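Working notes, beginning with the structure itself.
The values are calculated or read from the model by the stated rules, or taken from the named source; none is laboratory data. Nothing here was measured: the structure is a model prediction, and the numbers come from that model. Counting neighbours? That spans all protein chains shown, and the Cβs are built from the backbone with ideal geometry, glycine included. To get the accessible areas, we keep the full protein, side chains included, count just its heavy atoms, and leave off ligands, DNA and RNA. Shrake-Rupley method; radii C 1.70, N 1.55, O 1.52, S 1.80 Å.
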Amino acid sequence: MGVQSATHIEAMEARFGAAKSLGAQVDILFEAVGALGFDTLIYDYTPARYDLSGQQMLPTVLELRNVDETMRDYWFGHGYFRLDPVQKVALGTTRPFVWNYDKRAQTLISRFMTEDAAPVADFLTERGLSAGVTVPIHLPGGDYATVTGIRCGDGRFTEREAPACLGDFGLIAHLFQHAAQNRSVEGRIEGLPHLTVRERECLRHAADGLSAKEISRVLGRSVPTVVMHLNAAMRKLEAKNRTQAAVRAARLRLLD
C-alpha cells in the first residue's frame, strides 16, 4: 500500500467516527494495519507521563488484538510496562520506529536492552512478538498513546517490509487516535483520583497563587469551606501542601 489518497483518508475517518465504542474503533484499526502485513495490534493510552509517586504512569487503556491476554497481567501487575524498551523510546520521540528484541539487531531500543528489560524480552520472544513497529502519539495536553503492530513469529518483517509502510502506519494510527480521543480520555478517569467540581475550582485558584481567604472571596464561599475543599484535594492527591496538590492535579490534567 502506498501513500493514502484523500478519498481513502476520508473513508477511514468516517469509519472510525461511526464506530460506537473504543473497542469497535480498535477493531477497525486492527483491520487497517492487517492490510499492511501486521497480524497483531497493541494500543495503549496514558493520561500523563508520571503518576503521584513520580513513576512512569501505567496506561489507563490497553487494547490487545491477537495477543496473549496474560500480557495485561505482566505489563500491569509485574511492572513490565515501565521496563519495556519500546515504551522508553516512545516517550522520547514522535516518529514511528521499528524495533527488534534480537540483540544482534540494531534498532532504537538497543540502548535500553538492559538486564532489567530481560524479562520483557523473554516474554515477547516466547510469544513470537520480538519485532514490530510502534507509532508514538503525543497529545497537546501531555497525554500520549502508542499504536504497535507486529507480524507474529517473523522478526525479519521489520527489516524487509515494515520500513516501507511506516508512513501509512503512522497516518492510520493518528486518524484512529483523533477519532478515539474522547473515548480514551473517558477511560483515563478510572485510573486517577476523582476531584469534585469545587475541589478542582479551588485548586485552580490555588495554582494561580490565591490564598484560601482570596479564593473564598472569588467563589463567594466561606474560608472554612474553601479550606475543606483544598484539604480534601490534598488527601486525594497525596500532597504535602496546596502547591504540591495543584501541581500534581495540573500534571495529571485533573484541572481540565
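Checking each residue in region 96-122 for being in a helix (DSSP H, G or I) and more than 21 Å from the chain's Cα centre (by Cα) picks out Ser110, Arg111, Ala118, Pro119, Asp122. If you check Gly17, Gly37, Gly77 for being within 22 Å of Pro140 (Cα to Cα) and more than 16 Å from the chain's Cα centre (by Cα), only one passes: Gly17. May I ask you to verify whether Thr93 is of a type in the set (S, T, N, Q), farther than 14 Å from Gly149 by Cα and outside any loop (DSSP other than H, G, I, E, B)? No, not satisfied. Checking Val61, Val3, Val67 one by one, the residue that is β-branched (Val, Ile, Thr) and either at pLDDT 95 or above or open to solvent by 70 Å² or more (accessible area, probe 1.4 Å) (or both) is Val3 and no other. Being surrounded by 13 or more Cβ atoms within 10 Å (Cβ to Cβ), over 30 Å from Gly128 (Cβ atoms) and modelled with pLDDT under 90 is the requirement here; does Ala212 meet it? The answer is no for Ala212. Return yes or no: is Lys88 part of a helix (DSSP H, G or I), out of contact with any strand residue (DSSP E or B) (no Cβ under 8 Å at 6 or more places or on another chain) and closer than 20 Å to Leu124 by Cβ? Taking the combined requirement at face value, the residue satisfies it. When the criteria are applied in full, Thr107 meets the requirement of being over 17 Å from His138 (Cα atoms) and in contact (Cβ under 8 Å) with a residue 40 or more places away in the chain.
Within region 102-133, if we keep just the residues that are out of contact with any Gly (no Cβ under 8 Å at 6 or more places or on another chain) and among the hydroxyl-bearing types (Ser, Thr, Tyr), the residue that is surrounded by the most Cβ atoms within 10 Å (Cβ to Cβ) turns out to be Thr107.
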